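Worksheet: the structure to be examined is printed underneath.
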Amino acid sequence: MLENTDLDAFIHARREPPKCLGEFAGDKFHISMQREQVPQAFQALTGLLFSECSPIDKWKVTDIERVDHQSRVGLGAQFTLYVKPDGDDSQYGAALLNTVRNFVEHLELELSKHGISPGLHPESDVRPEHWQYVSYRNELRSERNGSEAQSQALSVEPFYRLMTE
């Protein structure tokens with residue numbers, strides 16, 4: 001389901017009913033590209049994000065016409081993907097972690113294949129060198145501003161390490 005309200009500058013998407021029933025643990029990915037390529041990136045990624053094999057139940061994309069060119073989501077982080085645990089105990093299962101990792105790699109490949117240029121990654125996020133578009137942040141244990149100490153802490157988060165090592 002896609003939803004766009006006047007309350008913010010995003011188009012929100014969510015799967016009904018959701019596949020992952022655990023409580024949100026704060027883990028999310030941002031996908032950054034050049035502002036003018038957001039429509040092409042949307043076309044390239046929506047098939048994957050809406051697919052049955054997508055491990056992402058909830059995501060949003062910036063309505064680029066409603067944000068300042070120099071804003072955080074104007075320069076990058078135009079997509080936000082929220083990852084939720086699949087276990088009733090709000091723990092991630094091994095199969096889901098593997099699926100999420102492979103899915104992120106697939107998103108990266110799809111954007112590259114479509115000639116999308118990476119955007120500015122948020123200072124609040126961390127990413128390995130081999131990710132061109134995607135970055136990670138746990139919103140429950142970090143701030144939007146970012147800092148060297150925060151980057152260090154995020155880089156040793158178990159979820160991040162399982163996605164990148």
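Values quoted throughout were computed directly from the atomic coordinates according to the rules given, and no laboratory measurement underlies them. Given the structure is predicted, the values throughout are model-derived calculations rather than measurements. Positions of Cβ are generated from backbone atoms using ideal geometry, with glycine treated the same way; all protein chains shown enter the neighbour counts.
Overview of results
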| item | result |
| --- | --- |
| P(r) histogram, all alpha-carbon pairs of the chain included - 10 Å bins from 0, percent | 10, 41, 39, 10, 0 |
| Added length on full extension, which subtracts the Cα-Cα distance from 0.36 nm per residue, Val156 to Ser112 | 13.1 nm |
| Rounded to whole Hz, the Karplus (6.51, -1.76, 1.60) HN-Hα couplings of segment 151-165, x for glycine and proline | 4, 4, 5, 5, 5, 10, 4, x, 4, 4, 4, 5, 7, 10, 9 |
| HN-Hα J in Hz across segment 95-110 - Karplus 6.51, -1.76, 1.60, θ = phi - 60°, x for Gly and Pro | 5, 5, 4, 5, 4, 4, 4, 5, 5, 4, 4, 5, 4, 4, 5, 5 |
| Under 19 Å between alpha carbons - lysine pairs in segment 2-164 that sit 8 or more apart or on different chains | 9 |
| His121 long-range amide H proximity, modeled H, under 5 Å | none |
| Magnitude of the charge dipole, segment 2-164, Cβ model with Lys/Arg +1 and Asp/Glu -1, debye to 20 | 200 debye |
